[in-house]
């Protein structure tokens, strides 16, 4: 949290954690995975409370993953980047942060960042220049 509060990062920002349907409902024979995803949701809520006064938002995205699971899509990781992009698009649209051509430019930039970030590493999204 010290990094998030570093004076060099002043001006706020967002931390978005990726959860899954298991973080809300749990699944048989996947208790460790479900526990981890429940933890992600709790972590994001705690960060939101802790960092909110500094202008830093935090949330866990799971709705898009839950919808995919409801459609019967396998939770094998093969579509996670698509889900992340859909969730980010939904979030920025709902918050009125960007729209139209600017949203399309951001989606392309986000897709490139996801493709170039090694698996398991944090993804850092910066505003387009």
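Values quoted throughout were computed directly from the atomic coordinates according to the rules given, and no laboratory measurement underlies them. The model shown is predicted, which means the values in this text are computed figures rather than measured ones. We place every Cβ from the backbone using ideal geometry, glycine too, and count neighbours over all the protein chains shown.
Okay, here's what the table says:
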| read-out | value |
| --- | --- |
| Three-way shape call for the stretch 14-116 based on the alpha-carbon gyration tensor, with the a/c threshold at 1.5 | oblate |
| Gain on full stretching of the segment that runs from residue 48 to residue 15 - 0.36 nm per residue minus C-alpha separation | 11.0 nm |
| Spacing of the two label points (7 Å from each Cα toward its C-beta) at residue 79 and residue 107, in nm | 1.6 |
